[in-house]
Amino acid sequence: MQPKTEEFLNFLLWSADRLMRPTFRNLTDSYESWAYHNGLLPQVSKLEKLQLLERNLKSTGDRLYRLTEQGRLHALGGRDPEAQWTRDWDGLWRLVLFDVPMGQNARRERLRRYLRLRAFGCLQGSVWITPDPVHGEREILAGGQVNVASLLLLEARPAAGESDAEIVAGAWDLARINRRYAHHLNVLNECPLDPLRDMAAAKVLQRWAADERAAWLAAMQLDPLLPARLLPPDYTGRRAWQRRREVLGRAGARLRAFVPWLG
């Protein structure tokens, strides 16, 4: 997806009244002017084709849209943090163990990359772990180029006194995750506060929005978004998420009230 399309989708998310449940929002004449001026408005049709945006067919005219659930998740970075943190956990760890023969480094790296993208934690190079069921992974991994005889998926509980906190600390780089959230919080604190009275101010907000989204996605890329009962006491992700909702909510209100200077 092109950067401007990503940017427009992100604006649609945080210009809604509530980040968690965006409602139908009229693209006002003032915002349309700004969006058109920046080449964003034509992206609407692309988002519709990708099923990330949908039209309110009951409205008069064709100017009322809302994000689909797929579009909302995409704008958030692929996962809903609140839903992830509040999901149930049955107390079982799922492990993926593999032994790819020497000389097949490319296959090994593809497997590791897949597990990393699925938010698995790495206990060691060939032992990966997640608190979530792995029904889909069994079909995907066993059906790939890795020999099924060299791949093992287990459901397990610690048997030698290891705590869940120790497993979490060993599988994910929590310090690195917290550093990324700290950077994101710094970017949030730099949100422009000047009223949007002209295009220059709008451009400043637009550039800040791109920096904020990049910082958020960088944190989300590392964070497994574990169930609440597994989160370490010093984990800063939930604080960053709450702060993000507050800051983007205020920025969205300013954006909705923006009347661009066209003189």
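Some observations on this one:
- Amide H within-cut-off set for residue 53, under 5 Å, with H built and near neighbours excluded: 48, 68
- Fewest-first ordering of 82, 155 by other beta carbons within 10 Å of each residue's beta carbon gives 155, 82.
Read-outs: derived from the displayed coordinates by stated rules, not from any lab. Being a predicted model, the structure only gives us computed values, none of them experimental. Positions of Cβ are generated from backbone atoms using ideal geometry, with glycine treated the same way; all protein chains shown enter the neighbour counts.
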